[in-house]
Amino acid sequence: MRIFPKSQKELWDEGFDKETNTYIGAKWGKYIRAPQIFFKILAKCKDKLVPLKEVANVRRGFTTGANEFFYLTEAVIKHWKIEKEFWMHKENDKWMPNYVITSPQESKFVTVNPEDLKYRVLMIHKDKKALKGTNMLKYIEWGERKKFNTRSTCDNRGFWYDLNDREPGTILIAMIQAYRHIVFCNPKRLYPDHNLFEIITDKKDSVLIMAFLSSAITMLTKEIYGRSYGGGSGPLKTEGIDIARFLVAKPSCVTAKQKENILEKFRGFSKQPLGNTFVEIGTDSPDEVSLDKVTLIRRELDKIIMGDILGLTDEEQLDVYKAVVDMVKSRIDKAKSFGKKGKTKDGVDIQRVLEELDTETDKEKI
C-alpha cells in the first residue's frame with residue numbers, strides 16, 4: 001500500500017498550462033499505477049527533467065478528412081496525369097515526391113526510408129481559377145462528385161483540398177503502440193498521417209530529444225501516461241496531450257561530451273529494426289530481467305541517458321527495465337483475457353487489434 005499526500009496547490013501546479021493560462025488537468029492515475037522507481041526518478045532527477053512541451057512542440061500529423069483523395073499511389077498519379085508540382089516539391093533545386101507515412105507499420109526501422117512508403121500526399125495551394133486547364137482541377141472535380149468536399153474536416157478549410165503547407169518534424173511518435181516502442185527519426189522530413197505525432201524542436205537539440213524519447217525512461221513514462229485503446233487494456237494510445245507530458249532531459253543539463261556520446265550511439269541505434277519491447281529487454285518476465293540480457297544497442301544508449309545524464313545507479317536502471325516489462329506484460333495479458341471472452345462491450349476484438357498492430361503489412365492500420 002502506498003499513500004501520496006498532495007496539496008491542492010501541488011495538483012493545481014501539476015495540471016496548470018502556462019501557455020494557455022488555464023488548468024487542463026493532470027494524470028492523477030499515476031499515483032495509483034506508477035511503480036516506485038518512477039517516483040524515485042522524479043525525486044532524484046527533478047532538476048534535470050522537464051515535460052517535453054517545455055522544449056518542443058507536439059503536433060499531430062495530417063487529418064485529411066479524405067485519405068482516399070489526398071494519399072495517392074504512383075499508379076493513381078499516372079492514371080490522372082497529375083502535374084508534379086502538386087505531389088512533389090523542390091529540394092535543393094531538385095523535385096522530390098511528397099512522401100507520407102500513413103502507419104507505423106510502414107517502417108521497420110527507426111529511421112524512416114522514403115523507399116518503404118507507398119503514398120504521396122497532395123499539396124494544392126491554388127484556387128480553381130488558377131488551376132484552370134490542369135489535370136489537377138479534373139481530379140478535384142472528381143473528388144467533389146464523390147462529395148469529399150462536404151465532409152466536415154474538408155468543409156472547414158478555405159479550399160477544401162488545401163492541407164496548408166507545413167514543414168514536417170524530424171521526430172515522429174506513433175499514436176497507438178502494442179509491443180513495440182515506436183519513435184521514428186525523420187531526417188528527410190517525410191509527411192506523417194494523423195496516426196503519428198511530430199515533435200518540433202530546435203535543430204541543435206533534436207538528437208538529444210530523439211535519443212531520450214527512444215530510451216527506457218520514455219518506455220516507462222509512456223505506459224504511465226498512455227491510455228488503453230478499444231475498451232480494454234490492449235494497445236496503448238498516446239494523444240498529443242499525453243506525449244507533451246513525457247519527461248526529457250533539460251538540454252542545458254547535458255554536457256557537450258554527453259551530447260557527443262549520444263550522437264555516436266544514436267547513429268547505430270537509428271539503423272536498427274524497431275524491436276519488440278520484450279526482445280530488446282531480453283525477457284517478458286519482470287523476475288528474469290537483468291542488465292546482461294538487454295540488447296547491446298539499447299543498453300549502450302540507455303547507459304548514457306539513465307546513467308551518465310540522470311545519474312541513476314545500475315540497480316535503479318535495472319528497476320526501470322523491470323517496471324517496463326511488468327507494465328507492458330500486464331497490459332498485454334489483460335488484453336488477451338478480453339480476447340478469450342470474445343469482444344468487449346463496445347464490440348472491439350482486442351486480441352485481433354493486437355495481432356494486426358504487429359503484423360508486417362503495407363496496409364493502413366488503426
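Quick rundown of the values:
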{"read-out": "Identity of the residue in the range 112-135, part of a loop (DSSP other than H, G, I, E, B) and among the basic types (K, R), that ends up nearest to H194 (Cα to Cα)", "value": "K118"}
{"read-out": "Any hit, the range 192-214, residues being open to solvent by 10 Å² or more (accessible area, probe 1.4 Å), farther than 21 Å from L301 by Cβ and among the basic types (K, R)", "value": "no"}
{"read-out": "Selection within the range 9-22 - of a type in the set (K, R) and assigned to a helix (DSSP H, G or I)", "value": "K9"}
{"read-out": "Residues within the range 300-326 that are more than 21 Å from Q258 (Cβ to Cβ), of a type outside the set (D, E, K, R) and open to solvent by 30 Å² or more (accessible area, probe 1.4 Å), tallied", "value": "1"}
{"read-out": "Selection status of L163, among the hydrophobic types (A, V, I, L, M, F, W, C), without any contact (Cβ under 8 Å) to a residue 12 or more places away in the chain, part of a loop (DSSP other than H, G, I, E, B) and open to solvent by less than 50 Å² (accessible area, probe 1.4 Å)", "value": "no"}
{"read-out": "Restricting the range 308-359 to residues that are among the basic types (K, R) and assigned to a helix (DSSP H, G or I), the residue that is modelled with the highest pLDDT", "value": "K322"}
{"read-out": "Complete set of residues in the range 31-86 that are exposed (fewer than 13 other Cβ atoms within 10 Å of the Cβ), under 24 Å from the mean Cα position of the chain (by Cα) and of a type in the set (A, V, I, L, M, F, W, C)", "value": "none"}
{"read-out": "Unique match (being under 19 Å from R59 (Cβ atoms) and in contact with a Pro (Cβ under 9 Å, 6 or more places away or on another chain)) among D205, D162", "value": "D205"}
{"read-out": "Qualifying residue in the range 125-137 (condition: surrounded by 14 or more Cβ atoms within 10 Å (Cβ to Cβ) and in contact with a strand residue (DSSP E or B) (Cβ under 7 Å, 6 or more places away or on another chain))", "value": "no"}
{"read-out": "Members of the range 172-198 that are farther than 29 Å from K336 by Cα, in contact (Cβ under 8 Å) with a residue 24 or more places away in the chain and not aromatic (F, W, Y)", "value": "C185, N186, P187, K188, L190, P192, E198"}
{"read-out": "Qualifying positions in the range 243-299 - in a helix (DSSP H, G or I), under 24 Å from Q105 (Cβ atoms) and open to solvent by 70 Å² or more (accessible area, probe 1.4 Å)", "value": "V279"}
{"read-out": "Qualifying residue in the range 98-111 (condition: assigned to a helix (DSSP H, G or I), surrounded by 15 or more Cβ atoms within 10 Å (Cβ to Cβ) and out of contact with any helix residue (DSSP H, G or I) (no Cβ under 7 Å at 6 or more places or on another chain))", "value": "yes"}
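Quick grid of which residues meet (1) more than 25 Å from the chain's Cα centre (by Cα); (2) over 18 Å from C185 (Cβ atoms):
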position	(1), (2)
A256	yes, yes
L263	no, no
F278	no, yes
D284	no, yes
K293	yes, yes
I309	no, yes
T313	yes, yes
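The values are calculated or read from the model by the stated rules, or taken from the named source; none is laboratory data. Bear in mind that the values here come from a model prediction, so they are computed numbers and not experimental data. No Cβ is skipped: glycine too gets one built from the backbone with ideal geometry, and neighbour counts run over all protein chains shown. The area values use the complete protein model at the heavy-atom level, side chains included, leaving out ligands, DNA and RNA. Shrake-Rupley method; radii C 1.70, N 1.55, O 1.52, S 1.80 Å.
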